[in-house]
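Visitor: Let me begin by handing over the structure; questions about it come next.
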Amino acid sequence: MLLLSSEFLKDFDVFIRERYPDLLQATGQHLILSGVALALGVLVAVPAGMLLAHYPAKWARTGAFGVANIFQTIPSLALLALLIPLFGIGTKPAILALFLYSLMPILRNTYTGFRSVDPAILESARGMGYGAAQRLMRIQFPLAFPYIMSGIRVTTVYIISWATLATLIGAGGLGQLIVSGIGVNKEELVVAGAAAAIVLALLADGVLGGIERRVARRAHPKAASK
Amino acid sequence: MIVFTGVKKQYDDGFQAIKNIDLEIKEGEITVLIGPSGCGKTTTMKLINRLIQPTGGSIRIQGRDIASLNPVELRRQIGYVIQNIGLFPHMTIAKNVGVVPRLLKWDKDKVERRVDELLGLVGLDPDTYRNRYPSELSGGQQQRIGVIRALAADPDVILMDEPFSALDPISREQLQDELVRLQQELRKTIVFVTHDMDEALKIADTIVLMKDGEIVQADRPERILRYPANDFVKSFIGKKRLQSAGTELVAPELAPSVDDVMVEQPATAFPSRGLAEAVKLMERRRVDTLLIVDKNRKLQGTVSIYNVLDQYAEENKTVADVMRPVEHTVPSGTSLAIALQLMSAKQLSNLAVVGEDNRFVGLITRGSVVRHMADLYASGSNGGDAYASVIV
Ligand SMILES: Nc1ncnc2c1ncn2[C@@H]1O[C@H](COP(=O)(O)OP(=O)(O)OP(=O)(O)O)[C@@H](O)[C@H]1O
Ligand SMILES: [Mg+2]
């Protein structure tokens with residue numbers, strides 16, 4: 001296979017040494033794009049999911065899930081293209097698009113997590129004199145945390161992979177290496193860009209998984225040890 | 001004291017769950033709400049801590065109408081144990097037990113001391129259990145935690161909704177015993193919901209029998225057994241209990257105690273007797289069991305013919321070597337109803353009556369009960385059926 005031939009590997013090595021600074025810069029941009037989009041997604045979707053779970057008004061839930069679902073189903077290229085007339089090109093519309101994508105999975109998991117808390121436990125908390133806000137923060141949130149966290153993890157992996165498309169509206173990132181690699185027919189560029197995106201996704205998932213386990217071990221000793 | 005006056009509850013769907021309840025729950029007592037499923041026990045209980053708002057009437061605790069109190073603060077003053085316990089799975093046992101004290105902002109040391117004290121109270125070693133999670137405890141242990149969690153902030157009133165119903169019979173009985181023991185020290189006002197009549201009879205100071213959102217009868221257990229208000233109460237108590245309580249047969253003023261019925265000179269033997277002597281004694285007295293007492297007539301154990309024959313070949317053995325401990329006794333003065341209930345619950349063929357210092361005073365046997373009833377009936381009006389209805 002081409003990728004594994006020793007000649008390719010040697011060329012690749014040389015290439016990495018030469019283009020090292022470019023690679024680093026692209027990775028940095030990529031991280032910022034995904035990280036900011038994800039952070040915004042968490043800031044919006046987690047509280048929104050909590051609210052939806054707390055006030056079980058059917059219309060609000062249908063509306064919120066409907067909107068988030070629509071963003072989810074627009075093909076990513078199309079979404080980017082649609083954003084150009086509205087927000088121009090560059091980093092901001094790219095982050096906006098990625099942010100819109102992150103909403104649905106985080107929202108759904110947060111909502112599910114909060115709804116999954118045993119009503120008997122909530123009743124017991126109410127009966128012992130927890131106020132509404134205390135119940136939300138001290139009982140429901142910790143119990144829903146593993147759900148929320150797994151929503152965030154899944155989303156992170158998607159966002160990092162979708163962020164490679166952001167270069168199409170001039171936002172840079174690892175996608176830029178791939179696209180220009182295709183343009184000048186230089187495999188090393190394509191491979192380097194793709195590999196870096198994969199490593200980034202794996203690392204991010206690993207870090208979040210570590211956080212999740214640390215918190216979960218305190219919260220659910222049985223669940224974490226299995 | 002908790003007083004219900006004309007309390008009604010109609011749920012949003014129009015269902016009238018509580019029809020018109022007047023009830024006084026006495027201070028320092030265990031009041032048991034009992035009745036068929038759906039009769040409104042849980043609803044009645046939740047009205048007390050305002051988890052449910054009444055649609056009519058008022059509830060007063062110590063003279064104060066609870067409608068005028070802040071519900072969250074009210075609940076912190078009332079212990080609460082729900083069915084299936086409701087321990088918080090993400091908190092350690094110490095955190096769970098300390099929930100209400102923390103909500104009440106006790107300082108940390110005080111909460112910790114209180115938690116350890118409570119764990120000790122139900123026989124769980126604080127060092128072992130403090131940092132465990134609920135999922136790392138057995139069902140019975142979790143129930144104990146549920147109970148002490150409700151005691152944590154030392155509330156005067158505690159509500160318990162079928163707290164022991166999920167347990168196996170042995171653990172359940174253990175916890176009932178523990179509750180009765182704790183209550184003797186603590187003297188809380190406890191409202192306890194159950195659908196198990198045996199449980200009610202065991203722990204209740206007052207039983208409140210409900211049906212279709214109404215109270216059918218509220219009284220002392222002994223009086224409910226003796227004077228069931230109507231056929232519903234009778235069927236709920238069960239025929240067997242009524243018969244053993246003697247309702248059908250005996251006028252209340254003649255209600256017998258165990259002392260009236262027991263055999264006063266049953267076959268007893270000293271612990272130093274040999275096995276052959278024991279067999280001889282049984283033969284002479286025509287019994288299959290001997291009660292073993294020491295010189296001060298303190299009860300030591302019991303020996304059945306089977307225990308003796310098992311080891312009969314061993315010439316050097318005495319009855320002390322083969323006797324079994326006496327697991328159930330009743331104090332002199334106990335009502336016959338209670339003794340019979342114990343015998344039927346434990347499948348005992350006889351029951352020892354003891355005085356002070358475990359001194360043996362007599363023995364209730366099935367034969368002695370039948371003789372007693374027959375005597376009453378021979379002197380009473382409607383003769384013959386007595387045997388038939390007693391020997392069930
Ligand atoms: N939120 C509700 N809305 C409408 N009806 C209700 C509601 N909660 C309870 N009920 C009805 O009120 C009646 C009394 O309910 P409750 O829970 O007090 O019964 P219970 O005596 O505790 O029964 P169980 O022994 O089965 O626990 C039942 O018929 C029940 O269906
Ligand atoms: Mg109930």
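The values are calculated or read from the model by the stated rules, or taken from the named source; none is laboratory data. The structure displayed is predicted, hence computed values, not measured ones. Heads up, the Cβs are rebuilt from the backbone with ideal geometry, glycines too, and the neighbour counts pull from every protein chain shown. The accessibility values were calculated without ligands, DNA or RNA, using every heavy atom of the protein model including side chains. Shrake-Rupley method; radii C 1.70, N 1.55, O 1.52, S 1.80 Å.
Visitor: Select, from A:Arg126, A:Arg108, A:Arg61, the only residue that is among the basic types (Lys, Arg) and closer than 27 Å to B:Glu73 by Cα.
Guide: Details: A:Arg108 fails: closer than 27 Å to B:Glu73 by Cα; A:Arg61 fails: closer than 27 Å to B:Glu73 by Cα.
Selected residue: A:Arg126, the only one of A:Arg126, A:Arg108, A:Arg61 that is among the basic types (Lys, Arg) and closer than 27 Å to B:Glu73 by Cα.
Visitor: Quick one: A:Phe141 ticks every box in (1) hydrophobic (A, V, I, L, M, F, W, C); (2) open to solvent by 40 Å² or more (accessible area, probe 1.4 Å); (3) more than 12 Å from chain B (Cβ to nearest Cβ) except a single one, so which number is it?
Guide: All conditions pass for A:Phe141, except number (3).
Visitor: In segment A:1-112, which helices (runs of 4 or more DSSP H) lie fully inside it and hold 3 or more residues that are among the β-branched types (Val, Ile, Thr) and open to solvent by 30 Å² or more (accessible area, probe 1.4 Å)?
Guide: Values: elements: A:6-54, A:58-73, A:76-87.
So the answer is A:6-54, A:58-73.
Visitor: Take segment B:130-152 and flag every residue that is within 13 Å of chain A (Cβ to nearest Cβ) and among the charged types (D, E, K, R).
Guide: Answer for segment B:130-152, where residues must be within 13 Å of chain A (Cβ to nearest Cβ) and among the charged types (D, E, K, R): B:Arg132, B:Glu136, B:Arg149.
Visitor: Ok, one more. Under the condition of being touching a helix residue (DSSP H, G or I) at 6+ places or on another chain (Cβ under 9 Å) and open to solvent by 100 Å² or more (accessible area, probe 1.4 Å), which residue from segment A:202-213 is modelled with the highest pLDDT?
Guide: Top of the filtered list is A:Leu202.
Visitor: Could you list, in sequence order, all residues of segment B:130-177 that are open to solvent by 60 Å² or more (accessible area, probe 1.4 Å) and either within 23 Å of B:Arg113 (Cα to Cα) or basic (Lys, Arg) (or both)?
Guide: B:Arg130, B:Asn131, B:Arg132, B:Glu136, B:Asp154, B:Asp156
Visitor: If you take the residues of segment A:126-138 that are surrounded by fewer than 22 Cβ atoms within 10 Å (Cβ to Cβ) and among the aliphatic types (A, V, I, L, M), which of them is farthest from the other protein chains (Cβ to nearest Cβ)?
Guide: The selected residue is A:Leu136.
Visitor: Right, another one. If we scan segment B:26-40, do we find a residue that is away from chain A (no Cβ under 14 Å), more than 16 Å from ligand 2 (Cβ to nearest atom), assigned to a helix (DSSP H, G or I) and in contact with a strand residue (DSSP E or B) (Cβ under 7 Å, 6 or more places away or on another chain)? If you could, list the steps in order and put the result at the bottom.
Guide: Initially, segment B:26-40 is screened for residues away from chain A (no Cβ under 14 Å), giving B:26-40.
Retained after the next criterion (residues that are more than 16 Å from ligand 2 (Cβ to nearest atom)): B:26-30.
Keeping just the survivors that are assigned to a helix (DSSP H, G or I) gives none.
No.
Visitor: Scan (1) among the aromatic types (Phe, Trp, Tyr); (2) modelled with pLDDT of 95 or more; (3) more than 16 Å from ligand 1 (Cβ to nearest atom) for the single condition B:Phe4 breaks and write down its number.
Guide: The one condition B:Phe4 does not meet is (3).
Visitor: Where in segment B:47-106 are the helices (runs of 4 or more DSSP H), entirely inside, with at least 2 residues that are surrounded by 18 or more Cβ atoms within 10 Å (Cβ to Cβ), among the basic types (Lys, Arg) and at the interface with chain A (Cβ under 10 Å from one of its Cβ atoms)? Don't jump to the end; show me each part of the working.
Guide: Details: elements: B:71-76, B:93-97, B:99-103.
In segment B:47-106, the matching helices (runs of 4 or more DSSP H) lie at B:71-76.
Visitor: Of the numbered conditions (1) more than 16 Å from ligand 2 (Cβ to nearest atom); (2) more than 14 Å from chain A (Cβ to nearest Cβ); (3) over 29 Å from the mean Cα position of the chain (by Cα), B:Tyr11 satisfies every one except a single condition; which is it?
Guide: Unmet for B:Tyr11, out of (1) more than 16 Å from ligand 2 (Cβ to nearest atom); (2) more than 14 Å from chain A (Cβ to nearest Cβ); (3) over 29 Å from the mean Cα position of the chain (by Cα): (1).
Visitor: Please go through segment B:181-222 and give me each residue that is surrounded by 15 or more Cβ atoms within 10 Å (Cβ to Cβ) and basic (Lys, Arg), ordered by number.
Guide: B:Lys188, B:Lys202, B:Lys211
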